[in-house]
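The values are calculated or read from the model by the stated rules, or taken from the named source; none is laboratory data. Just so it is clear, the model here is predicted, and its values are computed rather than measured. Cβ atoms come from the backbone with ideal geometry, glycine included; neighbour counts cover every protein chain shown. Heavy atoms of the whole protein, side chains included, go into the accessibility calculation; ligands, DNA and RNA do not. Shrake-Rupley method; radii C 1.70, N 1.55, O 1.52, S 1.80 Å.
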Amino acid sequence: QVQLVESGGGLVQAGGSLRLSCLVSGSPFTINAMGWYRQAPGKERELVATITRSNETNYADSVKGRFTISRDNAKNTVYLQMNSLKPEDTAVYYCNTELRTPPWVAQQNYWGKGTLVTVSS
């Protein structure tokens, strides 16, 4: 079974930075797109950033210019560098990956359990 483990969350002051990591492990797989999502209490989960295998990126308007998504294919890891953090960035951040497993036909989506990011004023 494939599993995703996020790390790097914590409590920071507004204007600070955090770097989130997500490691994909488990049964044999090949990863296509990867992304980060976030969810605040009482709100729906929203897309933060995505990245394709060819390193094409997409960002939510609210984080453009502040967050950077990247990936290391050899390590099966995706990162989210978060700079100039604001209180409204407070949420649980989830890693998501689109991948294939044998017989390499259908795509599947897997989610991590999330890591909490809290930004204080």
Out of Val48, Val24, Val5, which single residue is part of a strand (DSSP E or B), open to solvent by less than 20 Å² (accessible area, probe 1.4 Å), over 13 Å from Glu98 (Cα atoms) and among the hydrophobic types (A, V, I, L, M, F, W, C)? Val48
I'm checking my understanding of the structure. Among residues of segment 92-120 that are touching a residue at least 40 places away in the same chain (Cβ under 8 Å), over 18 Å from Ile69 (Cα atoms) and part of a loop (DSSP other than H, G, I, E, B), which one is nearest to the chain's Cα centre (by Cα)? Lys113
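Report, by residue number, each residue of segment 22-49 that is closer than 24 Å to Arg66 by Cβ and touching a Ser or Thr at 6+ places or on another chain (Cβ under 7 Å).
Residues satisfying the conditions are Cys22, Leu23, Ala33, Met34, Gly35, Ala40, Ala49.
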Just name the residue that is most open to solvent (accessible area, probe 1.4 Å) out of those in segment 51-91 that are part of a loop (DSSP other than H, G, I, E, B) and among the hydroxyl-bearing types (Ser, Thr, Tyr). Ser54
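When residues of segment 27-42 are filtered for being closer than 19 Å to Ser62 by Cβ, in contact with a strand residue (DSSP E or B) (Cβ under 8 Å, 6 or more places away or on another chain) and either in a strand (DSSP E or B) or without any contact (Cβ under 8 Å) to a residue 12 or more places away in the chain (or both), how many remain?
First, pick out the residues of segment 27-42 that are closer than 19 Å to Ser62 by Cβ: 35-42.
From what is left, the residues that are in contact with a strand residue (DSSP E or B) (Cβ under 8 Å, 6 or more places away or on another chain) are 35-40.
From the residues that got through so far, the ones that are either in a strand (DSSP E or B) or without any contact (Cβ under 8 Å) to a residue 12 or more places away in the chain (or both) too are 35-39.
Summing the residues that are closer than 19 Å to Ser62 by Cβ, in contact with a strand residue (DSSP E or B) (Cβ under 8 Å, 6 or more places away or on another chain) and either in a strand (DSSP E or B) or without any contact (Cβ under 8 Å) to a residue 12 or more places away in the chain (or both) in segment 27-42 gives 5.
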For Gly42, all conditions in the list (1) at pLDDT below 95; (2) farther than 18 Å from Thr90 by Cβ; (3) loosely packed, with under 13 Cβ neighbours inside 10 Å hold save one; what is the number of the exception? (2)
Arg71 passes all but one of the listed conditions (1) under 13 Å from Arg38 (Cβ atoms); (2) in contact with a strand residue (DSSP E or B) (Cβ under 6 Å, 6 or more places away or on another chain); the exception is number (1)
Taking segment 45-68 as the region of interest, how many residues are farther than 15 Å from Ala91 by Cβ, touching a strand residue (DSSP E or B) at 6+ places or on another chain (Cβ under 7 Å) and among the basic types (Lys, Arg)? 1
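Condition check: part of a loop (DSSP other than H, G, I, E, B) and out of contact with any helix residue (DSSP H, G or I) (no Cβ under 7 Å at 6 or more places or on another chain). Does Gly15 satisfy that?
yes
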Filtering segment 8-21 down to residues that are open to solvent by 50 Å² or more (accessible area, probe 1.4 Å) and either closer than 10 Å to Tyr94 by Cα or touching a Ser or Thr at 6+ places or on another chain (Cβ under 9 Å) (or both) yields Leu11, Gln13, Ala14, Gly15, Ser17
Counting only residues that are of a type in the set (A, V, I, L, M) and surrounded by 11 or more Cβ atoms within 10 Å (Cβ to Cβ), segment 98-118 contains a total of 3
